[in-house]
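Colleague: Let me give you the structure first, and then I'll get to my questions.
Just so you know, all these numbers are worked out from the coordinates, no wet-lab data involved. Keep in mind that what you see is a predicted model, and the values were worked out from it rather than measured. All Cβ positions, even for glycine, are placed from backbone atoms using ideal geometry, and neighbour counts span all protein chains on display.
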Amino acid sequence: MGPTRIKSSVSLILNDVNEILCDEYFCEGVVNKVIMNNQAITISDVEQYGKSSEHNTFYKNLKSKGIQSIVLVPLKGKSKNELALLEIASPRPYELNSITQNKLKDILPIFESAVKRSSQERHNTLEATIQEHYTAIHPSVKWRFYDAADQYQADLQNGDLNPNLEEIIFKDVYPLFAQLDIKGSSTARNTAIQQDLTTQLMLAIDVLKEACNKEPMPIYSELMFRVNEYLTRVKAGLKDGDELSILDFLKSEIYPVFSHIKTIDDSFAKLVQVYKDRLDIDLEVVYEKRKEYESSVTLLNETLALYIDKKQDEVQKMFPHYFERYKTDGVEYNMYIGQSMVRTKRYDSLYLYNLRLWQLQVTTEMENLANQLRKEMDHDLQVASLILVQSNPLAIKFRMDEKQFDVDGAYNIRYEILKKRIDKAHIKGTDERLTVPGKIAIVYSQEKEAIEYHKYIKFLQSKSLLGEVEKLEIEDLQGVSGLKALRVEVLYQENFNEKSSITIQDLIGEEVVMGQ
């Protein structure tokens with residue numbers, strides 16, 4: 001077993017370092033109790049601790065920050081290898097003590113719930129970061145890296161003591177970008193929290209109501225009144241801190257009463273048990289609607305990602321091109337195609353046109369797939385689709401420090417900025433968002449692009465995949481103006497399946513792309 005490490009985010013005790021070796025930083029007692037056995041510890045007198053620990057690094061950092069008493073409480077994360085530390089400190093000795101530590105026990109599950117949620121969000125963020133910043137070299141461009149590596153080795157063998165790796169730049173490539181974003185994901189997440197809290201409060205009211213009938217005491221009525229007040233607040237809409245204050249109220253005010261109620265008779269013990277059975281075992285809160293939401297997001301993301309990956313493998317046979325895909329609240333992907341990205345094949349604009357038609361066709365299929373999934377998901381989620389058109393070629397460069405491709409040159413950065421902002425844009429002169437469920441927004445800046453995509457839309461309309469088309473102007477964005485969009489209705493198929501989709505051969509053979 002290797003040395004135990006702690007990584008810091010915001011901490012009172014770690015003195016702004018990013019990582020420590022626990023055995024070197026803490027004394028053996030703190031390591032054994034807090035890190036190894038997950039038990040809270042209180043240091044009531046930091047000076048006394050300093051004497052007993054031979055003024056170790058932990059003491060010195062506490063001293064430098066003016067901390068004279070401190071409580072450290074370990075909180076379990078999402079996985080068994082994750083441990084968070086709750087730090088409560090005071091500039092006065094003995095102000096924090098074992099009594100303080102005991103008082104924290106009732107509210108610790110609230111913090112553990114927050115840690116686990118934060119841990120899950122961090123895990124999702126890390127997954128997205130890895131996908132974004134540590135992308136494996138795509139097979140379509142691996143040949144270029146082999147050439148650079150071969151030249152590097154040749155320079156070494158020729159006596160160059162400090163050879164430079166050649167920069168990997170692909171010039172004059174055409175970008176394609178699309179995303180299917182889960183619409184209203186933040187609202188849906190908040191609604192799920194609201195529903196779970198409502199359920200938990202109503203379950204508490206059921207217990208208190210029966211207690212009033214069986215053992216009439218004013219305290220039951222008073223507590224039921226306060227629970228109803230919280231219930232009214234929740235139904236009106238959640239605000240920051242509401243969830244924490246409600247759970248704190250239940251832990252400190254309601255649960256001690258439940259402990260008494262259970263002793264009245266067996267029927268009340270069963271009633272309290274009904275309440276407890278609805279709580280998540282780990283989080284100790286009602287976690288039903290949130291679990292439905294999270295599993296629905298996972299199902300949607302995984303299914304769409306697998307679908308576009310499979311379709312990508314097929315379309316690579318048409319003409320090799322670069323592809324990278326990310327999972328967020330939905331799926332988005334980039335593609336680049338051009339002569340500089342291939343060594344032996346001859347590029348023709350026909351391949352770009354086919355790829356654009358393929359992208360629109362696959363977007364309609366992914367829309368259908370997402371619509372079909374609504375029957376399987378516990379939480380009804382819809383996606384809103386967007387395609388960004390860029391006719392002017394640009395250059396992409398492999399960033400050695402970030403291990404990924406990025407656009408090269410100041411002018412081309414406009415395209416990257418646009419990708420990040422366009423899905424939040426509104427239709428000019430209105431409060432209506434450009435991206436809406438059931439329609440695909442195709443954003444462009446040149447009229448020739450609209451003419452080209454009208455051909456693709458007309459072709460897919462003939463296959464009963466797309467419906468009515470709107471031509472829209474988009475509000476000016478920071479640093480970007482003059483954008484327009486075609487927004488086309490998706491005609492959902494009742495029993496969509498991949499076998500009924502249009503093949504690559506169908507697309508290559510279509511005359512719709514021949515008249516560009």
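Colleague: Using r as the Cβ-Cβ distance of L86 and K424, and R0 as 35 Å, what FRET efficiency do you calculate, to the nearest 0.05?
Modeller: E between L86 and K424, to the nearest 0.05, is 0.45.
Colleague: Explain nothing, just compute: Karplus ³J(HN,Hα) = 6.51 cos²θ - 1.76 cosθ + 1.60, θ = phi - 60°, for every residue of the range 29-37 in order, whole Hz, x for Gly and Pro.
Modeller: For the range 29-37, the Karplus curve yields x, 5, 4, 5, 7, 7, 7, 7, 10 Hz.
Colleague: Also: For S349 and D476, what does the FRET efficiency come to when R0 = 30 Å and r is the distance between their Cβ atoms, rounded to the nearest 0.05?
Modeller: 0.45
Colleague: Applying 1/(1 + (r/R0)^6) with R0 = 56 Å to the Cβ-Cβ distance of N228 and L161, what FRET efficiency is obtained, to the nearest 0.05?
Modeller: 0.10
Colleague: Given 0.36 nm per residue, what is the gain on full extension from K65 to S11 after removing their alpha carbon distance, in nm?
Modeller: Extra length available between K65 and S11 comes to 18.3 nm.
Colleague: Evaluate the charge dipole of the range 187-285 about its Cα centre and quote only its size in Debye, nearest 20, assuming +1 on the Cβ of each Lys and Arg and -1 on the Cβ of each Asp and Glu.
Modeller: For the range 187-285, the charge dipole is close to 220 debye.
Colleague: Same structure again: Can you tell me the length gained on complete extension of the stretch N38 to A148, counting 0.36 nm per residue apart and subtracting the Cα distance?
Modeller: The N38-A148 span can extend by a further 34.5 nm.
Colleague: Counting other Cβ atoms within 10 Å, which trypsin sites (Lys or Arg not before Pro) in the range 285-327 have at most 15 and lie in a DSSP loop?
Modeller: K317
Colleague: Tell me the label-point distance for the pair E432, H55, using the 7 Å Cα-to-Cβ offset, in nm and rounded to one decimal.
Modeller: Placing both labels 7 Å along Cα→Cβ, they lie 7.3 nm apart.
Colleague: Let me ask you something else. Rg(Cα) of the range 272-416 divided by 2.2 N^0.38 Å?
Modeller: Here the Cα radius of gyration is 1.42 times the empirical estimate.
Colleague: Just flag the trypsin sites (Lys or Arg not before Pro) in the range 171-271 sitting in loop per DSSP whose Cβ has no more than 14 other Cβ atoms within 10 Å.
Modeller: Those that pass, being in a loop and sparsely packed, are K239.
Colleague: If you don't mind, there's one more thing I want to ask. Starting from the 7 Å offset along Cα-to-Cβ, what nm value, one decimal, do you get for the label separation of S391 and R374?
Modeller: Placing both labels 7 Å beyond Cα along the Cβ direction yields 3.5 nm.
Colleague: Could I ask something else about it? Which of the pairs K375/K420; K419/K471; K420/K471; K419/K458; K171/K448; K183/K311 have their Cα atoms more than 28 Å apart in this structure?
Modeller: Beyond 28 Å: K375/K420.
Colleague: Okay, next question. Full extension from N495 to N97: what is 0.36 nm times the residue separation minus their Cα-Cα distance, to one decimal in nm?
Modeller: That pair, N495 and N97, stretches by 136.8 nm at full extension.
Colleague: Same structure again: In nm, to one decimal, how far is the E28 label point from the D206 one, both placed 7 Å along Cα→Cβ?
Modeller: 5.4
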